[in-house]
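In what follows, a structure is listed as structure tokens, so that the remarks can point back to it.
The values are calculated or read from the model by the stated rules, or taken from the named source; none is laboratory data. The structure presented is a predicted model; accordingly, all values stated were derived computationally and were not measured. Neighbour counts are summed over all protein chains in view; Cβ atoms, including those assigned to glycine, are modelled from backbone coordinates with ideal geometry. Protein only, heavy atoms only, side chains kept; ligands, DNA and RNA dropped before computing areas. Shrake-Rupley method; radii C 1.70, N 1.55, O 1.52, S 1.80 Å.
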Amino acid sequence: MTIETSPAARPSAPGRIFAASWFGPLLAAILMYLFFAVTGGGKGFLTVSGTAGWLNTAAELGIIAIPIGLLMIAGEFDLSTGSVVGAASIIVAVGTGFYGLPIALTASAAVLLGIGVGSFNAFLVNRTRLPSFIVTLASNFLLAGSALGLSRLIAGSSNVSLKDAGFLEPVLATKAYGFNISIVWWLLEALLGIWVLQQTRLGNWIFATGGNLDGARRAGVPVSRVKLTLFIWTSVSAAFVGTLQAVAYNSGNAVSGQGYVFQTAIAAVIGGVLLTGGFGSVPGIVFGTMIYGIVSLGLFYTGWPTDWLATFIGGLLVVAVLTNNLLREAALRRGRGRS
Amino acid sequence: MNQPLMRLQGVSCAFGNNLALDSVSIEVQPGEITCLLGDNGAGKSTLIKIMSGVQRPTGGTIEFEGRPVRFESPRDAQLLGIGTVHQDVGLIPLISVARNFFLGSEPTIGWGPFRRLDHGAARRIALEQIAEMGIRRVHDADQLVGTMSGGERQALAIARALYFGARLLILDEPTAALGVKEAAIVIDQIKRARAKGVALVFITHNATHAMAVGDRFTVLMHGRVAAQFLKGEKTREQVLDLMAGGEQYTAMELAD
Ligand SMILES: Nc1ncnc2c1ncn2[C@@H]1O[C@H](COP(=O)(O)OP(=O)(O)OP(=O)(O)O)[C@@H](O)[C@H]1O
Ligand SMILES: [Mg+2]
């Protein structure tokens, strides 16, 4: 006969950590770091500037990857972030760099663009019930073409310089020892994301919306509003990154953001977010993003041809999906979630 | 006679050209159990989805406490104190027992931007309420619902509806996945809710359960009301016939 544990019994702390969805990504991040410390350490991967390099890359990606991950937990995709980054950066660059408008005005316009695109995506997804994959793919193309066309029409180029961004310079372009201020914004957003997911009703609704849409709706969860919030969060963070890049690198580029379309989703999946929704964590997404940064910059320090970066990332994605699956199954067997 | 808590009049619901409900009228009274009977596909679940705001009717009117209501979402129904356990329980497998229990009605503590989920209260209440249902194997409110058995999930959903369904409690085949003992507990809980003045709608294919607790009965057949009667007005055989879709169920049994 087994002895029943008392109702107050709680699983042990190690058990909880092992079952948490961020444990695998953390382990992978450490392994990746060690790997490149060994293979690229002699050539500068471990130096301050090497560390700043991968963290800077991870930060800009991570600012978008966090809401992308939350959106994926809620069961939706957003492939339009790439165009929002480009469009936001070109709005700021053309407005302030080309026409000399105040930066407060053009940066607000960029944020408004983010709100607009997010609302548009959410509206179509909620109304038509079409998969967000296709809806946001369409808006990515719509916006990519428009941003490119308009910047060529107005400024005669897809790349417009921005010399002085006024009060936004210190906010978005500060650097210390090679570390960009974007890292701070990234970590602040991560804290916000952790708070939302673990401690707020919205967090509970995000899990439920992605875990069982019908069940969530019947339980009274405003699923359309959850999606609207997350689509807007995603697009606004993409607009933020576009503005940040225009200010920090002194130029806006209408096509520069397209890499984010897949990189953000890859970072989220490597970070343990379930593609079909309902499962994932913000620390996991942060570690997934770090892995992306470590790999893309680390490969450079190894001295191996960087042409193989995509292959490396692809392999990593396969491994990540498989191990995350195993870990999730283990969690289900142990029956412990984090509440 | 008392004013009914909820009254549906001439409610219809069409899916394409499949008329799942055809001008159905039904009343539920506080402190009474209304049994909804009928064979598979008769329209029982569709009717209670309309009563709980999940499905919008394509015709007819709904009154709650004498006032006409239109449910835009299940939330609207919940706000009136309507708790529902649907046939496919509808829990979220990859989140915990406590998070499931309070989904949509999460308790919070703190103020303004620091308002946060009261995980402690949620865990404690969820475990207490599940224990009330006679489920002995769930001790950890952080357990993922996906790891519970079908019956345990059903018990969780019923406990949740009992906890939140202050005025009207709708149960769509709540005992289908339950063991004999757990089913008896559910029946007992249903009676206790009735004694507290809650109105109940109870769908079941189990004639014994229906006869044991039902105060009034509505039998649906192909989306229409085939019969409505009060407790004691029909014999067990007549009820069985009606539940089998009007065919001579007892006769079939005898012919074997
Ligand atoms: N969402 C839907 N779309 C199309 N048809 C539906 C839908 N929901 C129900 N129906 C149809 O409505 C009819 C009644 O279904 P309903 O689920 O209400 O039956 P029921 O009486 O609950 O049956 P059971 O005893 O098997 O649960 C069926 O013919 C079913 O096919
Ligand atoms: Mg049914």
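With +1 on each Lys and Arg Cβ and -1 on each Asp and Glu Cβ, how big is the dipole of the protein assembly as shown about its Cα centre, in debye rounded to the nearest 20?
Numbers: 45 positive and 37 negative charges, 186 e Å.
My answer is approximately 900 debye.
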Fraction of beta bridges assigned by DSSP in the protein assembly as shown that are antiparallel (%, nearest 5): 65 percent
With DNA, RNA and ligands ignored, accessible area of B:His222 (1.4 Å probe; Å², nearest 10): 150 Å²
Alpha-carbon radius of gyration plus Dmax, which is the widest Cα pair, for the stretch A:153-219 in Å: 20.1, 54
Estimated inter-spin distance, B:His205 and B:His222, nm [label 7 Å along Cα→Cβ]: 2.1 nm
Shielded residues, the stretch B:135-152 - accessible-area loss of 30 Å² or more between chain alone and all protein chains, probe 1.4 Å: B:His139, B:Asp140, B:Asp142, B:Leu144, B:Thr147
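Would you compute, from DSSP H runs of 4+ residues alone, the mean residue ellipticity of chain B at 222 nm, taking -39500 (n - 2.57) per run and dividing by the full residue count, rounded to the nearest 500? Before the final figure, lay out the partial values.
Details: 9 runs with 86 residues, N = 256.
After summing the helix terms and dividing by residue count, I get -9500 deg cm²/dmol.
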Between helix A:48-73 and chain A: long-axis angle, C-alpha atoms, 0 to 90°, nearest 10: 70 degrees
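Please calculate how many Å² of accessible area the stretch B:118-256 carries per residue, with a 1.4 Å probe and no DNA, RNA or ligand atoms counted.
On the way: 6180 Å² over 139 residues.
I get 44 Å² per residue for this part.
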Fluctuation leader among B:Leu169, B:Leu117, B:Leu127 - chain B, Gaussian network, Cα springs under 10 angstrom: B:Leu117
Restraint check, B:Lys44/B:Lys196; B:Lys44/B:Lys234; B:Lys196/B:Lys231; B:Lys49/B:Lys234, Cα-Cα greater than 22 Å: B:Lys44/B:Lys196; B:Lys49/B:Lys234
Farthest toward positive dipole pole in chain B [+1 Lys/Arg, -1 Asp/Glu at C-beta], among B:Thr84, B:His119, B:Ile203: B:His119
Inter-chain Cβ neighbour average for residues A:196-204, partner chain, 10 Å: 5
Gaussian network model of chain B, springs between alpha carbon atoms under 10 Å - residue of B:Asp172, B:Asp39, B:Asp140 with greatest fluctuation: B:Asp140
Average accessible area per residue (Å²) across the stretch B:35-115 - probe 1.4 Å, nucleic acids and ligands excluded: 42 Å²
Buried area at the A-B interface (accessible, heavy atoms, 1.4 Å probe, summed, Å²): 3200 Å²
Chain A: angle of helix A:282-302 to the longest principal axis, Cα-based, in degrees nearest 10: 60 degrees
Of A:Gly315, A:Gly50, A:Gly284, the one that fluctuates the most in a GNM where chain A has Cα springs shorter than 10 Å: A:Gly315
Accessible surface of chain A [probe 1.4 Å, protein heavy atoms]: carbon and sulfur percent: 71 percent
Furthest towards positive pole of dipole, A:Val273, A:Val223, A:Leu191, structure part chain A, Cβ charges: A:Val223
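Skip the ligands, DNA and RNA, and give the accessible area per residue of chain A with a 1.4 Å probe, whole Å². Intermediate values should be presented prior to the final figure.
Details: 14420 Å² over 339 residues.
Result: 43 Å² of accessible area for each residue.
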Degrees separating the helix A:260-270 axis from the principal Cα axis of chain A, which is the longest one: 20 degrees
